[in-house]
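One structure below.
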Amino acid sequence: MRSVFVLNTGSSSVKYRVVDVETAEVAATGVIDRIGEPGSEARDHRSAIAQILNRFAGLRIDAVGHRIVHGGERFVTATVIDDEVERGIEALAPLAPLHNPPGLLGIRAARAALPELAQVAVFDTAFHAALPEAARRYAIDTELADRHGIRRYGFHGTSYRIVSERAAAFLDRPLGELRMIVLHLGNGASAAAIAGGRSIDTSMGMTPLEGLVMGTRSGDIDPAVLLYLQRNAGLDTDQLDVLLNRHSGILGLSGHIDMRGLTDAIDAGEESARRALDIYLHRLRHYIGAYAAVLGGLDALVFTAGVGENSREVRSGAVEGLEFLGLRIDETANAERSGVARRISASDAPVAILVVPTDEELQIARETAAVLAAR
Ligand code: ADP
């Protein structure tokens, strides 16, 4: 069990990697996107996966690992897929209508194409499955919440797992004794408070909409705003869904599609872009302060994912004014670029600030191999 074919299937794209779990060596990697659109390589997910398999016809594959966003209450660890598990993932579609159905298409296509191989689902929610009840529950009617599975699940768990382990290894300290805040800042973005390797709070909730300001998602908002817009602006449920998930965040505030566009616009002197970044950073600092309190102290603050690994401005702005928490950045170290874990805090600062690259595909491959080895 060494070579795992990792599939990350989105609504119109399939990202894949073939990776050796022992050496982390990548034998093949790529993406097929715009599935079903005119001119795309693939008319549907099944043909996309058939083409991917054609691309590495000669390669050895021992197992398939699938990224599945929402595991609900049932899937709290990586799980070997059979018909019953497939139905269980399907049953979670209402909780994650944007994310789980494509993952299921990937599972079906891969099981049809590779029936002889074991396939494993690795869930973004699993790392947060044991969130303490006080962090997990929303303050609404308990019975209603339980009946509908309404609670905070949290996401980006695969990333938090590998990044927290890498951070501990970098610091050369046992993960079990560290209190850290990890900021996973990509197009989607979330924060997690991790004590001794366990998630004790996280900013995304029942869905990946809650929490930080993201590329196109609002993050935290007073729920009464939705009621107000329904009553007074005539927006219906679907329109609110599109507004909050696709037309908000950095895009809604500035018209720029992502962080790189936003920082370029700021350099060009665009006022609304500056304001959008200020709102983004204000929310980040708000969560850093909150999670320092939740953890009862802090050993490390860790930046990861596209924005966290690449944006010096965001890292610097996120800790501005937080010296009282022990967070002091070394701007020379912060300005350096490298693809490996590194420390960017001042050498005499009490809390380590780290930049740690994430690698969700490698982690999915490792968990796939681990669950099959334990079988
Ligand atoms: P996803 O959530 O899609 O996995 P990524 O982790 O790849 O996203 O992060 C994508 C984000 O990273 C985008 O907002 C992109 O603009 C941002 N990004 C990448 N490189 C830079 C950079 N050099 N400066 C600022 N933002 C960057």
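Odds and ends about this structure:
- Qualifying residue in the range 59-71 (condition: closer than 22 Å to Pro208 by Cβ, touching a strand residue (DSSP E or B) at 6+ places or on another chain (Cβ under 7 Å) and in a helix (DSSP H, G or I)): no
- Val76 vs. criteria touching a residue at least 40 places away in the same chain (Cβ under 8 Å), part of a loop (DSSP other than H, G, I, E, B) and under 22 Å from the mean Cα position of the chain (by Cα): yes
- Total residues in the range 299-330, condition within 16 Å of the ligand (Cβ to nearest atom) and of a type in the set (D, E, K, R): 4
- Among the candidates Ala305, Ala365, Ala333, Ala318, the residue that is open to solvent by less than 40 Å² (accessible area, probe 1.4 Å), within 21 Å of the chain's Cα centre (by Cα), more than 26 Å from Pro132 (Cβ to Cβ) and modelled with pLDDT of 95 or more is uniquely Ala365.
- Here Asp20 meets the list (1) touching a Phe, Trp or Tyr at 6+ places or on another chain (Cβ under 9 Å); (2) open to solvent by less than 70 Å² (accessible area, probe 1.4 Å) almost entirely, failing just condition (1).
- Within the range 42-64, the residues that satisfy the criterion of being open to solvent by 40 Å² or more (accessible area, probe 1.4 Å) and under 17 Å from Pro102 (Cβ atoms) are Arg43, Asp44, Arg46, Ala50, Gln51.
- Every pair of residues 6+ apart whose Cβ atoms lie under 6 Å, when the first sits in the range 36-56 and is more than 16 Å from Gly106 (Cβ to Cβ) and touching a residue at least 60 places away in the same chain (Cβ under 8 Å) while the second is among the small types (Gly, Ala, Ser) and open to solvent by 20 Å² or more (accessible area, probe 1.4 Å): none
A quick yes/no check of all residues on (1) of a type in the set (Asp, Glu); (2) surrounded by 17 or more Cβ atoms within 10 Å (Cβ to Cβ); (3) at pLDDT 95 or above:
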position: Leu295; (1), (2), (3): no, yes, yes
position: Phe324; (1), (2), (3): no, no, yes
position: Arg337; (1), (2), (3): no, no, no
position: Ile344; (1), (2), (3): no, yes, yes
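- Extreme residue, modelled with the lowest pLDDT, among residues of the range 1-11 that are within 19 Å of Asp124 (Cβ to Cβ) and either surrounded by fewer than 19 Cβ atoms within 10 Å (Cβ to Cβ) or among the β-branched types (Val, Ile, Thr) (or both): Ser11
- Considering the range 186-209, the residues that are within 14 Å of the ligand (Cβ to nearest atom) and of a type in the set (S, T, N, Q) include one that is surrounded by the most Cβ atoms within 10 Å (Cβ to Cβ), namely Ser190.
- Ile353 vs. criteria farther than 30 Å from Gly103 by Cα and open to solvent by less than 30 Å² (accessible area, probe 1.4 Å): yes
- Residue count for the range 210-245, restricted to those that are of a type in the set (Lys, Arg) and either open to solvent by 80 Å² or more (accessible area, probe 1.4 Å) or not in a loop (DSSP other than H, G, I, E, B) (or both): 1
- Taken as a whole, the structure places Leu301 among residues that are in contact (Cβ under 8 Å) with a residue 40 or more places away in the chain and not in a helix (DSSP H, G or I).
- Annotation: of all residues in the range 332-353 being out of contact with any Leu (no Cβ under 8 Å at 6 or more places or on another chain) and more than 16 Å from the ligand (Cβ to nearest atom), the one that is nearest to Ser164 (Cα to Cα) is Val340.
- Within the range 88-199, strands (runs of 3 or more DSSP E) holding 2 or more residues that are closer than 22 Å to Glu73 by Cβ: 118-123, 189-195
- Test: residue in the range 246-269 that is in a helix (DSSP H, G or I), open to solvent by 60 Å² or more (accessible area, probe 1.4 Å), free of Cβ contacts under 8 Å to residues at least 24 places away in the same chain and away from the ligand (no atom under 14 Å from the Cβ): no
The values are calculated or read from the model by the stated rules, or taken from the named source; none is laboratory data. Everything quoted here is computed from the prediction, not taken from an experiment. No Cβ is skipped: glycine too gets one built from the backbone with ideal geometry, and neighbour counts run over all protein chains shown. Surface areas here come from the heavy atoms of the whole protein model, side chains and all, with no ligands, DNA or RNA. Shrake-Rupley method; radii C 1.70, N 1.55, O 1.52, S 1.80 Å.
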